[in-house]
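Taking it in order: structure first as structure tokens, then the write-up.
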Amino acid sequence: MTKITFVDENDNPIGAGTRQEASQKGLICRIARIFVFNSKGQLLLQKRGPNVSVPNKWDDSTAGHVDEGEDYLETAHRELVEEMGIKNVELTKVAKYYTERFDPNDSRIVGRRFNTLYTTVYDGEVTPDPSEVAGAKWIDLPELEKWLVEKPDDFADGFKS
């Protein structure tokens, strides 16, 4: 099983383990997020597959935990290939931010994450991995903003943040 990187409050690596271990022990992990735009300015969304965490929700173009021994950029490139079949693109770092996710049943923290967001422009073929991705679509930003307001539950919390 692949281990993910655990970090301290300053995003310095302190170890590695499973996602479940991070959640149970309140450890901070790293996430690479990628927004893929086309030359028309549309954003590529993915619908998460039924057998992954946060199933059947619309989400970033791709995203994933930073594995042990990887950095954010390496993870971003790996996730683009694994989830959408997108290779050899230049990624631009947009932001790095910290988030916490709470269990809606008991308000305890179940996810502590440093997120690094990258963007790219890509007009090639997209081939979603059916084991992880239930669908993909290009969307104009005004349409996305309206959808987010009208049906926020259609989206993964990580995407909304």
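With respect to the cross-link table entries Lys25/Lys87; Lys25/Lys57; Lys96/Lys151, which display a Cα-Cα separation exceeding 32 Å? The answer is Lys25/Lys87.
Each residue, Thr2 and Leu148, gets one label point 7 Å from its Cα in the Cβ direction; the gap between the two is 2.7 nm. Inter-label distance, Lys93 to Asp11: 0.6 nm, where each label sits 7 Å from its Cα along the C-beta direction.
Surface composition of the chain: carbon and sulfur atoms hold 48% of the protein heavy-atom accessible area at a 1.4 Å probe.
The figure for Glu143 is an accessible area of roughly 100 square angstrom, using a 1.4 Å probe on the protein chains alone. With both residues required to sit in the chain, DSSP beta bridges show an antiparallel share near 75%. Taken per residue, the accessible surface of the chain reaches 55 Å², heavy atoms only and a 1.4 Å probe.
The values are calculated or read from the model by the stated rules, or taken from the named source; none is laboratory data. This is a predicted model, so every value here is computed, not measured. Neighbour counts run over all protein chains shown; Cβ positions are idealised from the backbone, glycine included. What goes into the accessible areas is simple: the full protein's heavy atoms, side chains included, and nothing from ligands, DNA or RNA. Shrake-Rupley method; radii C 1.70, N 1.55, O 1.52, S 1.80 Å.
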